[in-house]
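Chemist: This is the structure, below, for whatever I ask next.
The values are calculated or read from the model by the stated rules, or taken from the named source; none is laboratory data. A quick note: this is a predicted structure, and the numbers were derived from the prediction, not measured. Quick reminder, even Gly has a Cβ in these numbers, built from the backbone with ideal geometry, and neighbours come from all protein chains shown.
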Amino acid sequence: MENSETEASAVVYSCIGTDEDCYADVISTASLDSIVGDAAIAPGTYDTIRMETCRDDGYTVKIKADIDDVSGSDYYTSSENVLIEGSGTPEYATVFFDGCSRNYDLPTELTISDGDTIELKLFVNTDLIAWIDAGGSDLGGCVTNNAGNALCVGYPDVAPAIGNTTVTTEVYRINESGSDLTAGGRIVLFVNGDDEIIGGITRRLFDHTANDLSVNFDTPIKCISQNSGSDTYILENYGSSRDSFYFRMSAFEREDHSGTMVDAEGTEYTYHAVKVN
């Protein structure tokens, strides 16, 4: 945990062991539930969770899957050749990511005093987190096989919560054309039992009819706050640094709607949101 202003920090959890020991299966509830521990935290005020995922430069994600391509082709993942066309037994393919850390804002500032016991939970959403690109890709989070087909994985971003909290998700598909068929991004909001948004993520959406969006949809939501006297929200995702953003929506609604978003340079774009659930 960190204080973003003073940079005071405290380690809540650290994996001890080999790289293989420290892989976590983000699809398995049992695997995620096993990542628990107690930590002594210095008294102070904290507003950010910082996750560090590297011991060297970058980190790897392993993924095992069967893929049904829209063209009618089948693929399965391979440890040696990433993707193999046809039917077979999937193996873990390895995908490399640049970068070593991600920041996630706590829903509210957390002040810890001597003697306090605090429960911290991290929630993850893996829906549509991986895709294939038949044309290959040199993006981080993608690996291309000898046939020119790329396997790509989105960041396994999380939303932190304090206390014995349970959450549900609200998912919105974002397009710029007015047609949901062209949606190129998703916003996933984590909502607690009091219908309060505690965090969220933005993620690119890959589909054979999708159009790329004008702004980056690869990062967690940095801040979301309700406008005074309104059912709308100000929503920003993280940019290339803690103090920047890739897009800001000033009147986001928790239902189907149209609105505008701006990038860090102030360029405005019209978007359309379709609530999936």
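Chemist: Looking at segment 209-242, which of its residues are touching a residue at least 60 places away in the same chain (Cβ under 8 Å), of a type in the set (A, V, I, L, M, F, W, C) and more than 25 Å from E196 (Cβ to Cβ)?
Modeler: Correct list: empty.
Chemist: If you don't mind, there's one more thing I want to ask. Checking the condition surrounded by fewer than 13 Cβ atoms within 10 Å (Cβ to Cβ) and either polar (S, T, N, Q) or at pLDDT 90 or above (or both), which residue from S9, S71, S78, S4 passes?
Modeler: Numbers: S9 fails: surrounded by fewer than 13 Cβ atoms within 10 Å (Cβ to Cβ); S78 fails: surrounded by fewer than 13 Cβ atoms within 10 Å (Cβ to Cβ); S4 fails: surrounded by fewer than 13 Cβ atoms within 10 Å (Cβ to Cβ).
On inspection, the qualifying residue turns out to be S71.
Chemist: For segment 31-64, give me the residue count where each residue is farther than 22 Å from D116 by Cβ, of a type outside the set (A, V, I, L, M, F, W, C) and part of a strand (DSSP E or B).
Modeler: The total comes to 6.
Chemist: So which residues in segment 198-219 are more than 30 Å from G72 (Cβ to Cβ) and either basic (K, R) or crowded, with 21+ Cβ neighbours inside 10 Å (or both)? Outline the logic, then answer.
Modeler: Of the residues in segment 198-219, the ones more than 30 Å from G72 (Cβ to Cβ) are 198-202, 214-216, 219.
Of everything in segment 198-219, those that are more than 30 Å from G72 (Cβ to Cβ) and either basic (K, R) or crowded, with 21+ Cβ neighbours inside 10 Å (or both) turn out to be I198, G199, G200, I201, T202, V215, T219.
Chemist: Here's something else I'd like to know. Can you list the strands (runs of 3 or more DSSP E) lying wholly within segment 96-198 that have 1 or more residues being of a type in the set (D, E) and modelled with pLDDT under 90?
Modeler: Details: elements: 101-112, 120-124, 130-133, 142-144, 150-153, 158-162, 167-175, 185-192.
By residue number, 130-133.
Chemist: Please go through segment 246-277 and give me each residue that is of a type in the set (K, R) and assigned to a strand (DSSP E or B), ordered by number.
Modeler: Initial filter on segment 246-277 (of a type in the set (K, R)): 248, 254, 275.
The answer is R248, K275.
Chemist: Which one of A159, A147, A183 is in contact (Cβ under 8 Å) with a residue 60 or more places away in the chain, loosely packed, with under 15 Cβ neighbours inside 10 Å and hydrophobic (A, V, I, L, M, F, W, C)?
Modeler: Working: A159 fails: loosely packed, with under 15 Cβ neighbours inside 10 Å; A183 fails: loosely packed, with under 15 Cβ neighbours inside 10 Å.
Residue meeting the stated conditions: A147.
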